[in-house]
Amino acid sequence: MIESLQNDKIKFLYRLNDDNRFRKKSKIVVVEGKQENERALQFGFEIIEYFLCENIFGDDLPKGKINLVNEKVYEKIAYRGSTEGIVGLYKTPEKSLMDFLPKENSSVIIVEGIEKPGNLGAILRSCEAFGIDLLIVAESKTDLYNPNVIRSSVGCLFGMNVFSCTNQEAFLFLQKNNIKTFSTYMSKEAKEIQNINLRESVALLFGTEHSGISDFWLDKSENIIIPMVGTIDSLNLSNAVAIASYEILRQKKA
């Protein structure tokens, strides 16, 4: 039983939660919550060890190395406070976008320059729900394995084909696999999304709410829009991705 906040393992775990650079360098994914840990195991993530507060957890102990902690310590290491009583540490998987082989007629979502972990988590959740085959996070300003990404996605991150890379790497991947790219921004030439054939291999690209699509993509993609009839001219990024992902599913089911 670990009861001290000065315990070396607790200080290490707290730093993993608090420091993105340290977490990346350590190549460790911090996973909090029962459902999230179940999904990490289900999709093949390799467990290192667990930190459990039995007074909160109230379930059969998982298989693997277990560190028991009291409630005071758990509140310190848990991203969400005293909920569910389990934190797992997993090895960060080593994978490259260029090594990924997409299936025929793949549906790809690309988000460029995303900053908010909560937004990325919501996007992952929509992509998983609507059957998107691949999510590419280009020029990301947030860590793919940020605890808030995992929390917001309810663990959907673990079952998705998702890669973080540069714009150039994303473009080379799309070229290599003959995937047609459409970018979403306002222009007179833009076609409405429902009039585009999304049943073939396509990638839909979304920029940030603040600055939109970068110049890198303007001559490398065709322009589409989600039709709107209100006075507002843009949507929240995660909402736009959800609508577009549903339109892909709608066309494929039709």
key: Karplus 3J(HN,Hα) series, Hz, for the stretch 119-133 with 6.51 cos²θ - 1.76 cosθ + 1.60 (x for Gly, Pro)   = 5, 5, x, 5, 5, 4, 5, 5, 4, 5, 5, 9, x, 5, 7
note = Given all pairs of distinct Cα atoms, the chain yields a Kirkwood Rh in Å of 19.5
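Please report the antiparallel percentage of the DSSP beta bridges confined to the stretch 97-253, to the nearest 5.
Around 5 percent antiparallel, to the nearest 5.
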key: Reach of residue 252 by Cα under 15 Å, taken over aspartates and glutamates that are not fewer than 8 positions away in the same chain   = 104, 133, 200
note = Rounded to whole Å, √(5λ) for the Cα gyration tensor eigenvalues of the stretch 98-180, largest first, gives 21, 15, 9
request  = Might you report the magnitude of the Cβ-based charge dipole of the stretch 1-123 about its Cα centre, with Lys and Arg at +1 and Asp and Glu at -1, to the nearest 20 debye?
outcome  = 420
ask   = Among 165, 127, 221, whose Cα sits farthest toward the positive end of the charge dipole of the stretch 97-253 (+1 at Cβ of Lys/Arg, -1 at Cβ of Asp/Glu, about the Cα centre)?
value = 127
key: Neighbour-limited loop hits for GluC sites (Glu not before Pro), the stretch 43-111 (at most 10 other Cβ within 10 Å; DSSP other than H, G, I, E, B)   = 94, 104
ask   = When only DSSP loop residues count, what chymotrypsin sites (Phe, Trp or Tyr not before Pro) in the stretch 30-83 have their Cβ near at most 15 other Cβ atoms within 10 Å?
value = 43
ask   = Each residue of the stretch 33-50 in order: what ³J(HN,Hα) in whole Hz does its phi give by Karplus 6.51 cos²θ - 1.76 cosθ + 1.60, θ = phi - 60°, with x for Gly and Pro?
value = x, 5, 4, 5, 5, 4, 5, 4, 5, 4, 9, x, 6, 8, 6, 9, 6, 10
task = Note down the net charge around residue 15, summing +1 for each Lys or Arg and -1 for each Asp or Glu among other residues with Cβ under 15 Å from its Cβ.
result = +4
query = Which far-off residues, 5 or more places away or on another chain, put their amide H under 5 Å from the one on residue 28, with H placed in the peptide plane?
reply = 92
query = Once the convex hull of the C-alpha atoms of the stretch 8-91 is built, how many Å³ does it hold per residue, rounded to a whole number?
reply = 86
inquiry  = List the residues, sorted by chain then number, that are 5 or more residues from residue 70 or on another chain and whose placed amide H is less than 5 Å from its amide H.
reply    = 2
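Taking the Cα centre of the chain as the origin, how large is its charge dipole in debye, to the nearest 20, when only Lys and Arg (+1) and Asp and Glu (-1) carry charge on their Cβ atoms?
260
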task = Please list, in chain and number order, the residues 5+ apart from residue 105 or on another chain whose amide H is under 5 Å from its amide H, with Hs placed from the backbone.
result = 201
request  = Calculate for the chain the 222 nm mean residue ellipticity that helices alone would give, adding -39,500 (n - 2.57) per DSSP H run of length 4 or more and normalising by residue count, nearest 500 deg cm²/dmol.
outcome  = -9500 deg cm²/dmol
query = In terms of the ratio Rg/(2.2 N^0.38 Å) built on C-alpha atoms, what value belongs to the stretch 63-137?
reply = 1.53
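Readers should treat all values here as calculations from the given coordinates under stated rules, not as data from a laboratory. Note that the structure is predicted; figures quoted are calculated from it, not measured. Every residue, glycine among them, receives a Cβ derived from its backbone with ideal geometry; neighbour counts consider all protein chains shown.
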